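Structure first, commentary second.
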Amino acid sequence: MREDGLTIVSHELRNSLQSLCLNLHQLRAMIVDEPAASKIDRALRTAARLINIADDLRDAEHLSQGMFRMSFKYETVEAILADVVETIAPAAHERRITVSVDIHCDLFATVYCDAARICQALTNLLANAVKFSRPDSNVILAIARQHHDLLFSVRDSGPGIAPDDLPHIFDKYWRARDSRGSGLGLFITKRIVEAHRGTLLVDSVVGQGSTFSFALPAAQLAGVEASQGGSP
Ligand SMILES: Nc1ncnc2c1ncn2[C@@H]1O[C@H](COP(=O)(O)OP(=O)(O)OP(=O)(O)O)[C@@H](O)[C@H]1O
Ligand SMILES: [Mg+2]
C-alpha cells in the first residue's frame, strides 16, 4: 500500500469508529441493565483503542511524509499535564496500576512547545509503563527543574527491556516478540521530542523496570508575554 493510501485508510477508519462510538454512547444512555451496560462499556473501550491505532497510523505516515503539523506556544507545566493523567486513568484502572505525579518545579513554569503533542508523548510513555507493568504496581510521572530545563520522566517497575532490544525500540512498527501493540508509540514519541530539540532517553534494567525521559528548555518569560506565543 502506498503511504498516502495508508493515510486515507486511517482517516476513513477513524471516522467510522467515531460514528460507532457515538452510536454506542447513545445506546449506553438507554441501557439500565448492568450486564448489558458493562458489555457496551467494554465495546466503547475497544473502539477508543482502535481510534488510537488509527491516529498513530496517520501520525506515523505524516511523520514519514514530513507533514506532521505542530503548533508551538508558551505553555505552563500545568497546561501540559492537564489531560495526561485523565487520558491514562482508564487503562491504569483496568490494570490496577497507580499513576503518581511527582512535581519538583513551579506548575506555572513555561515551556515553548506544542502542548497537545507533548501530552501525546507523555501519554504514549505512560501507556507503555501501564501496559508492561504487573497489576498492582506503581508508575511515576515526574517533572523536575534541571538547571534551565524541565526534565519529564516516566518510571515503571515492569519487566525492563533486554539490552539487545534497546537499539530497536524507537523503530517504526518494532515491538518485542511477545508484546501487544502496533509498535508506533515510541517511534512517534521520539519524533515529537526531537521536534522540540530534545532527546528521548531510556534507562532500563531487565527485571527491575524502565525510565523514559526527555528535557525541554524552560522559558524565562513574564506571564503576559508567555501566553502570547512567539519565538523561543
Ligand atoms: N515501559 C516498557 N517496558 C517494557 N518494554 C517496553 C516499554 N516501553 C516499550 N517497550 C518495548 O518497546 C516496544 C515498542 O514500544 P511502542 O510503544 O513503540 O509500541 P507498542 O507499545 O508495542 O505499540 P503501540 O504503542 O503502537 O500501541 C514495545 O512493544 C515493548 O516491547
Ligand atoms: Mg506503546
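The values are calculated or read from the model by the stated rules, or taken from the named source; none is laboratory data. Remember, predicted model here, so these are calculated numbers, not experimental data. Glycine also receives a Cβ, built like all others from the backbone with ideal geometry; neighbour counts cover every protein chain displayed.
Just a few scattered comments:
- Qualifying residue in region 4-23 (condition: modelled with pLDDT of 90 or more, surrounded by 15 or more Cβ atoms within 10 Å (Cβ to Cβ) and outside any helix (DSSP H, G or I)): no
- Under the condition of being surrounded by fewer than 16 Cβ atoms within 10 Å (Cβ to Cβ) and within 16 Å of ligand 1 (Cβ to nearest atom), the residues counted in region 96-109 number 2.
- Any hit, region 110-133, residues being away from ligand 2 (no atom under 14 Å from the Cβ), surrounded by fewer than 15 Cβ atoms within 10 Å (Cβ to Cβ) and in a loop (DSSP other than H, G, I, E, B): no
- Selection count where residues are closer than 18 Å to Pro135 by Cα and assigned to a loop (DSSP other than H, G, I, E, B), scope region 69-109: 3
- Count of residues meeting criterion [part of a helix (DSSP H, G or I) and within 12 Å of ligand 2 (Cβ to nearest atom)] in region 146-189: 5
- Restricting attention to region 24-36, the residues that are surrounded by fewer than 14 Cβ atoms within 10 Å (Cβ to Cβ) and either in contact with a Pro (Cβ under 9 Å, 6 or more places away or on another chain) or of a type in the set (D, E, K, R) (or both) total 2.
- Restricted to region 126-164, and to residues there that are among the charged types (D, E, K, R) and within 17 Å of Ser213 (Cβ to Cβ), the residue that is farthest from ligand 1 (Cβ to nearest atom) is Arg145.
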